[in-house]
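Undergrad: Next up is a structure, given as structure tokens.
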Amino acid sequence: MKEVTLSPAELEAIRDWNEDSRRLAREVLGKYPDRRSAVMPLLYISMIENGYVTAAGMKSVGVLTGLTGAQVQSVASFYTMYKREALGDYLVSVCTSISCFLQGADDVLTAVEDESGVPDGETGEDGKFSVEHIECNGACAGAPVVLVNYEMIEGVTPDKARELVNWLRDGGPDVISTDEMQRLFGGQRSFDWGVEEPEGAFLPVPAFGPYGSAKEAE
Amino acid sequence: MADLVTITVDGVEMQGPAGEVLIKVAEDNGNYIPRFCWHSRMNPVGMCRMCLVEVEGPRGKMLVPSCTTRINDGMVVDTQSAVVKKAQEGVLEFLLINHPLDCPVCDKGGECPLQDHTVAYGPGESRFVEEKRHFQKPIPISDLVFLDRERCILCARCTRFSEEISGDPLIEFKGRGNQVQVLTFPDEPFNSYFSGNTVQICPVGALTARPYRFKARPWDLEAVESVSMVDSVGSKVSVQSSQNRVVRIDGVDSDATNHGWLSDKDRFVFEAIHSEDRLQRPLIKEGDEFREADWGEALDLVAEKLTGYPGDQVAGLGGANSTNEEAFIFGKFLRTIVVTPHIDAQLDDGLDPQFLVGLTPRAAINDLESAKTILLWAADLKEEYPVLYLRVRRAATELGATLIIVHPRRTGLDDVARHKVRYRPGTGPDVLRELVAGEGEYADIKAALTEGPVVTIVGRTGLGEDPRLAEAVAAFGRDFPDGKVLPLARRGNVIGALDMGLAPTLLPGRVSETAAHEKLEAEWGPLPEGLGRDATSILEGLCDGELKALLLLGTDPVRDHPEPMLATAGMEAADFVVAFDTFLTDSSRLADVVFPVEGFAEVEGTVTNVEGRVQKVNRLIPGPGQTRPVWSALDDLARRMGGDVGATSAEAISKEIATVAPAYHGVSWDELDWGEGREGLLLPLEEGEQRLEYIPVDGNLTSVKARFGLHLARVMYDDGVRVRKSPSLAALIPDAAAYLSAAEVETLGIEPGALVTVAGESGSITLPAVVDNTLGEGTVYVTANLSKTAELGAAVSVTVTPGGEA
Amino acid sequence: MSTDGQVKILTARMEANRTDSHTIERYEATGGYTALRKGLLELGPEKVGAEVKASNIRGRGGANFPAGVKWGFLAAARPAYLVVNGDESEPGTFKDRQLLERDPHQLVEGVILTSFAVGVNHAFIYIRGEYPKPARRLQHAVDDAYQKGYIGKDILGSGFDLEITVHLGAGAYICGEESALLNSLEGRRGEPRLKPPFPAIEGLYAKPTIVNNVETISNVPWIINNGGLAYAGIGPEKSAGTRMLSLSGHVNNPGNYEIVMGMSWRDLIFDIGGGMAEGRELKAWIPGGSSAPWFVPAEHLDTPVTIDDVAQHGSMLGSGAVIVMDDSTDVIAAAHRIVRFYAHESCGQCTPCREGTTWLERIFNRILSGRGRPSDIDLLLDVSDGISPGLGWPPVMTTICPLGPSATAPVVSLMKYFRAEVEARIAREVAHG
């Protein structure tokens, strides 16, 4: 689709964004018949810029989409994945919905909290980990499921969860690869993953390349 | 008009328009279904679920929300079944599980739908034993409104109003599920001109207004219906008092005008009524100071002085902030007791008086409901006619009208306008010529204007604009298919005052002076010969000594005349000035005698809005101190001058108006209070003789183009006395600035915020420069009537130079 | 019993090609985009639509509505839109994830054919935010398809133009509800809309819109290649074709299974699913995602796995997610876990769901933490009744959308089949308390 030209006021609103983000913003605005639809991908881009959704980020998104700050905040606060507080380097999410619950996910969550020292829903003071429980992530045959920066590991036991936390803490990789983590800490999978995935995430923002932070795994 | 269909509700047959929502049809026919989120003037959302009823369908009874169910012929509805009642109890129990037990300290108690519905439809007890949801309470979300999120039942009336009706969505839902709250964005408070409406429509005490908080209980209040006199739109209000103090003004739904909405100025300006600075005793100037005096002494003094001048050396200004009855007596006093033709209710800041009252075909506000195209070439409605702004906004967003705006600057309606034309102030005539020609970039606009019905709204975009331009646009507008024109002028009863003859070219009843002179003389006795001076000419006459004395009725030329220096000079040069006022304004301060008069909510009478609709204003409280009604003061004064204006009561005056003023034949207070006139009467009721029909002409004006054109325009909260004396609103008066585009700021070689001097023919002022990129090249925008902008004058050609002293 | 030998439509390519079933090279090499050619260049839009209608395929999301019939509702005004619902969030469901990760081109080709059939020139594929890997795979597939001229202007010289936008959600289960999805796609809160109007009349941007599930559309290429009647001939008439079931919980062989419907639950759970672990008995299972009422061995083990049979027995096949609970399950905690999910995911618009689901969760919290009261059982049922009067099936709603009643399904099932356990739990706590 086409790249959109921005007005001076719109350019001013994203002046502080890096070049990739600005280009992505223009691309994203051209993907929809109505600009307002671009709110969601733009919020992700602003998360890449600031690490989380900030008031300034929401304001910029508002200028690009013709919405007031209150309207952007209304959308951003509706969705679980738009984090409005600073996150740690690694967002560790443990699914605790029914299928994972049946396979002992509560124990996996406890193990993660315990090993990382960070309670569910919080970020550690050293800025390394944010821990949360999440709802069904669509990997139920591979329960329990743990995500790191939204890259998924299936079939994680409490012991493996502790190993994962330590692996991340002691110099975790720059790019989180789902396959690498699955090899090291995973177990039963929902289905055959087939070939390895060359891309991964480096921020706690969903790596939805080319709009996200997907990078080639080293 | 939709076809009527028949439905059965609880066994009773009733009729309603096909496609209307069930809850409204039921209510209109006496069957009230409880609700929270539904509001008759907003789109239904079906969120609160309080209005669930059972409707018979092919597979049995279905539980549906009556606010989103549209009726069709033969629908059978049950609002009393066991299922419905259980659902109602359920919804109320659900709402109350998190609702705090605040009734004793909550403003809404006593007029609270949640209380009322709980008593009528709720379960007896709550079974909720968990912890309620908690928020910090309450928080100010603007200077005027507080929000208590614990009380909020998330009906979204406030957020829907802000998005749908007023177009400034500064409050919105935040979060999801059980944690949803209404909130503003950080550092972006709920600074809407219409925020007070959300307080009124909030079904609980979640939104409260600072001016009313904790002031009274609803059962203590006395109320009358009236009409807001803040502007000439004529919005219907309910004025409420406790112990003879007005404590609140609410909007009343009038289909003809405001649909129940008010601007915050309409709503909160009541604070001025009880200001400490209200004039309470007559004042007589001695030297440079006023001393208090008795009515008798002051009236005698004025009678004596006025009798000493030949009639045509005396002039009268004002009446646009008074009722029709007051204005009528003022005019009669000036014409028959003083015997002067120099009368003007406008201050040369409006439009030609004959055009204003005689324009045909004149649009009614409800013509906006069926307009296909709207041409708006007038002031920024949001600032000066806010309720009309809401009506136009509704037409453009809900009713699919094509809105075309012509204005020197961004207006509040730009976001819903299909076409926007910006122009440098002074070049309006050229723009009109291009619009008429309809070529190039104007072709689309011209094409849109062929889709009727077309409503054209005209008025001065700014104080420096030639009023004949509005007339020329009206001439253009009336030729469109089903074309009607609505002319706008400032001040609550400007149309009424002109209808009462307070203009040199008019006599009472929408008749021209020349045409009606003889007939009126037969009623009133000798009238002054020849046409009188208008406001500017009156002030000039005072300056050069041709006029000696001036009477002011509720008007402030020093503030409001486009040339304030001229007004000041005129008043200072005058030999004798008498003012009838509610406050000491910058003008009445210069008078020799000031009479304290009763004002809004203290007087009973009628007012007439821009449509020419006459409505009743009502008295709720007595005026303070020794204030008297205007008509009573003038009656007394006339007697002391050896004459008689026959003003025995306001109602008696209204009867004389109905006799003497052709356009007002058949108008009676009875009719307005109790009869067909509850929403006013559009005048004239019948075709009368001599009635002025003014066909607007295009005067083929010339554009003025200097390096800078001055757009001198008003904002809602300006330095007018009523705003200044209402503490809640006074806090909102903005600072003065000179607005320029970024390019012009750069050309001037200054930084934004630096001082610039704007200089016109009459004077100059120095203000900080602020960037406004909605202004074109060569346009400078200055807000009129802020204390710093008075010395500029309204001439459209100005220079802008960097520097100067603030 | 296994699914060997049974026709495989959706999973054939990925089963046969481990490493590259998601690439355009493998897709084209295995017959991909032939249906597109056939549809665009031979059949024309009406015939493509007719084949899908003849297939009798029912939606593979939650509502199971016949797709061909749904397409017929599309209003005539243009522009119109196609929106693919990839917001797979129903607990227990993970079939669309496999389809997206392993064979995205199947979906892409289906989207192009569907758009062609109904007269849409801009299609949107909404993928939940928690699926970055499937979304990446899909975006690459879309990019490759654009490169090859399968998407864009004048596709294959047919004169048909199509744009496809892949849109990422951000974590809200309710966006799987089609009207909430449209609101989300428009840049609003993902709140369900009032219906009518239905999306086919007024949908995305108030224009006529078709919303279909990923799996549904993924079947379209096969239907065009083999004919609608061939699809209709597979399996029971009213549950024709193959469908993906996601099996999870206490079974030895959890996973996605592409099956022909009609087998019994016994066959599914014990043969295909491999039964429970050593020493465990089947206690209950959820037949169609966590919104569905529970089934128990005593009543339902030998009933057929078809859309209509499940409905007749008071539940739904819905998204095809089968969650198995053996006798080690604390069913009260399980019910609480599901209720907690709905309370968290409630959009908050309407009173009964917003307040009621959290109230249910809180009551369960008390029961599970030892502070339950005997009156809580009736309270749970009565609060549920306030959301879904009569607690029947299919549910009557006091709410705007079915999410509220979904929260009541586990409550009703728990009390219907395991009330004694709840009473015992409360009694035990009261005795100790």
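Undergrad: For chain C, modelled as a GNM with alpha-carbon contacts under 10 angstrom, which of C:181, C:162, C:247 fluctuates the most?
TA: Sorting by GNM fluctuation, first place goes to C:162.
Undergrad: Along the charge dipole of the range C:331-432, Cβ charges K/R +1 and D/E -1, which of C:368, C:407, C:358 sits furthest on the positive end?
TA: After comparing all options, I get C:368.
Undergrad: Quick check: convex hull of the Cα atoms in the range B:1-126, volume per residue, rounded to a whole Å³?
TA: Enclosed volume per residue, from the Cα hull, is 119 Å³.
Undergrad: Give me the mean projected area, in nm² to one decimal, of the convex hull enclosing the Cα positions of chain C. Mind dumping the intermediate values first?
TA: Working: hull surface 81.0 nm².
The orientation-averaged projected area of the Cα hull of chain C comes to 20.3 nm².
Undergrad: Report the rotationally averaged projected area of chain A based on its alpha-carbon convex hull, in square nanometres.
TA: On the way: hull surface 50.0 nm².
One quarter of the hull surface, i.e. the mean projection, equals 12.5 nm².
Undergrad: Another one. Where does each of A:12, B:671 land when they are ranked from fewest to most other beta-carbon atoms within 10 angstrom? Could you put the intermediate results ahead of the total?
TA: Working: A:12 12, B:671 16.
If I rank by nearby Cβ atoms, fewest first, I get A:12, B:671.
Undergrad: Right, here's the next one. Over the Cα atoms of the range C:243-326, each weighted equally, I'd like the Debye log10 I(q)/I(0) at q = 0.27 Å⁻¹, rounded to two decimals.
TA: -1.61
Undergrad: Given N residues in the protein assembly as shown, what is its alpha carbon radius of gyration divided by 2.2 N^0.38 Å? Don't skip to the end; give the middle numbers.
TA: Details: Rg = 36.8 Å, N = 1457, 2.2 N^0.38 = 35.0 Å.
After normalising by residue count via 2.2 N^0.38 Å, the value is 1.05.
Undergrad: What does the range C:12-232 give for Rg and for Dmax, in Å, if only its C-alpha atoms count?
TA: Both quantities, over Cα of the range C:12-232: 15.9, 46 Å.
Undergrad: While we're looking at this one, here's another question. With the crude spin-label approximation of a point 7 Å out along Cα→Cβ, what separation in nm comes out for residue A:184 versus residue B:774?
TA: 5.6 nm
Undergrad: For a paramagnetic label modelled at 7 Å from the Cα of residue A:55 toward its Cβ, which residues of the range B:184-205 fall within the zone defined by backbone nitrogen distances under 16 Å?
TA: Only B:184-191 pass the distance filter.
Undergrad: Evaluate the range A:8-78: find the radius of gyration of its Cα atoms, find its Kirkwood radius, and give the ratio Rg to Rh. Write down the numbers at each step before the final one.
TA: On the way: Rg = 10.7 Å, Rh = 11.7 Å.
Here Rg/Rh amounts to 0.91.
Undergrad: Treat the range B:432-486 as a sphere of radius equal to its Kirkwood radius over Cα pairs and apply Stokes-Einstein at 25 °C in a medium of 0.890 mPa s; give the translational diffusion coefficient in µm²/s, rounded to a whole number. Intermediate values should be presented prior to the final figure.
TA: Details: Rh = 11.7 Å.
D, rounded to a whole number, is 210 µm²/s.
Undergrad: In the P(r) worked out for chain B, what percent of Cα pairs fall beyond 41 Å? Each step should come with its number before you reach the end.
TA: Details: 118986 of 324415 pairs.
Value for chain B (Cα pairs over 41 Å): 37 percent.
Undergrad: With a sphere of radius 13 Å drawn around the Cβ of residue B:528, what net charge do the other residues whose Cβ falls strictly inside it have (Lys, Arg +1; Asp, Glu -1)?
TA: Working: positive: B:332, B:335, B:533; negative: B:312, B:513, B:521, B:529.
Charge balance in the 13 Å sphere: -1.
Undergrad: Here's another thing I want to ask about it. Select from the range C:326-433 those trypsin sites (Lys or Arg not before Pro) which occupy a DSSP coil region and have at most 16 other Cβ atoms within 10 Å, ordered by residue number.
TA: Values: sites: C:337, C:340, C:354, C:362, C:366, C:371, C:416, C:419, C:425, C:428; in loops: C:371.
The qualifying sites are C:371.
Undergrad: A further question on this structure: When only DSSP loop residues count, what trypsin sites (Lys or Arg not before Pro) in the range B:48-114 have their Cβ near at most 11 other Cβ atoms within 10 Å?
TA: Counting only loop positions with at most 11 other Cβ atoms within 10 Å, the trypsin sites (Lys or Arg not before Pro) in the range B:48-114 are B:59.
Undergrad: For residue B:91, what charge total do you get from the other residues with a beta carbon under 13 Å from its beta carbon, if Lys and Arg give +1 and Asp and Glu give -1?
TA: Working: positive: B:35, B:49, B:85, B:86, C:354; negative: B:89, B:93, C:355, C:385.
Once all neighbours under 13 Å are counted, the net charge is +1.
Undergrad: Send over the semi-axes of the range A:90-206's equivalent ellipsoid, whole angstrom and largest first, taken as the square roots of 5 times the C-alpha gyration tensor eigenvalues. Display every interim value, and only then the final one.
TA: Numbers: eigenvalues 74, 61, 28 Å².
Working through the eigenvalues yields semi-axes of 19, 17, 12 Å.
Undergrad: Right, something else. Over the Cα atoms of the range C:329-433, how large are the radius of gyration and the largest Cα-Cα distance (Dmax), in Å?
TA: Considering the range C:329-433 through its Cα atoms, Rg and Dmax are 13.1, 42 Å.
Undergrad: Additional query: Restricting to Cα atoms and excluding each atom paired with itself, what does the Kirkwood estimate give for the range B:659-806 in Å? Walk me through the numbers before you get to the answer.
TA: On the way: mean 1/r = 0.0526 Å⁻¹.
Evaluated on the range B:659-806, it is 19.0 Å.
Undergrad: What does the convex hull of the Cα atoms of the range C:111-199 come to per residue, in Å³, rounded to a whole number? Could you put the intermediate results ahead of the total?
TA: Numbers: hull volume 8.4 nm³, N = 89.
Convex hull of Cα atoms, per residue: 94 Å³.
Undergrad: Within the P(r) computed for the range B:522-591, what percentage of the Cα pairs occupies the region above 20 Å?
TA: Values: 721 of 2415 pairs.
So the portion of pairs separated by more than 20 Å is 30 percent.
Undergrad: Give me C:345, B:27, C:42 sorted ascending by neighbouring Cβ count inside 10 Å, so fewest comes first.
TA: Working: C:345 26, B:27 16, C:42 10.
With the fewest neighbours first, C:345, B:27, C:42 line up as C:42, B:27, C:345.
Undergrad: Next question. Which value results for Rg/Rh of the range B:163-312 when Rg is the Cα radius of gyration and Rh the Kirkwood radius based on the inverse mean 1/r?
TA: Working: Rg = 22.4 Å, Rh = 19.3 Å.
Here Rg/Rh amounts to 1.16.
Undergrad: Could I get the Rg over Rh figure for the range B:395-480? Both from C-alpha atoms, Rh via Kirkwood, rounded to two places. Provide the component values of the computation, followed by the final result.
TA: Values: Rg = 12.5 Å, Rh = 13.4 Å.
Ratio of gyration radius to Kirkwood radius: 0.93.
Undergrad: Shifting gears a bit: Using the structure shown, list the pairs from C:8/C:47; B:108/B:132; C:133/C:153 with a Cα-Cα distance above 22 Å, or answer none.
TA: C:8/C:47; C:133/C:153
Undergrad: How much mean residue ellipticity at 222 nm does the protein assembly as shown get from its helices, if each DSSP H run of length 4 or more adds -39500 (n - 2.57) and you divide by all residues, to the nearest 500 deg cm²/dmol?
TA: Details: 52 runs with 470 residues, N = 1457.
Roughly -9000 deg cm²/dmol at 222 nm, from the helical runs in the protein assembly as shown.
Undergrad: List the lysines whose Cα sits under 30 Å from the Cα of residue B:61, skipping any in the same chain fewer than 8 residues away.
TA: Output for residue B:61: B:24, B:85, B:86, C:70, C:195, C:238, C:416.
Undergrad: Moving on. Sort out for me the Cα centre separation of the range B:630-700 from the range C:58-117, rounded to whole Å.
TA: Cα centroid to Cα centroid, the span is 70 Å.
Undergrad: Follow-up. Do any of B:372/C:207; B:215/B:265; B:285/B:655 go past 28 Å between their Cα atoms, and which?
TA: Too far apart for the 28 Å limit: B:285/B:655.
Undergrad: What Kirkwood hydrodynamic radius, in Å, does the range C:1-143 give when the mean of 1/r is taken over all pairs of distinct Cα atoms and then inverted?
TA: Working: mean 1/r = 0.0614 Å⁻¹.
One decimal place: 16.3 Å for the Kirkwood radius.
Undergrad: I've got another one for you. So, counting K/R as plus one and D/E as minus one, what does the shell of residues with Cβ under 14 Å around residue B:236 add up to?
TA: On the way: positive: B:41, B:267, B:391, B:613, B:616, B:678; negative: B:225, B:231, B:250, B:253, B:255, B:266, B:611, B:673, B:679.
With Lys, Arg at +1 and Asp, Glu at -1, the net is -3.
Undergrad: Let me ask something else about it. How about the range B:208-271: which chymotrypsin sites (Phe, Trp or Tyr not before Pro) there are in a DSSP loop, with at most 11 other Cβ atoms within 10 Å of their Cβ?
TA: Working: sites: B:212, B:214, B:219, B:261, B:268, B:270; in loops: B:212, B:214, B:261.
Here the sparse-neighbourhood loop sites are B:214.
No lab work stands behind these numbers, since they all come straight from the coordinates. Keep in mind it's a predicted model, so treat the numbers as computed, not measured. Positions of Cβ are generated from backbone atoms using ideal geometry, with glycine treated the same way; all protein chains shown enter the neighbour counts.
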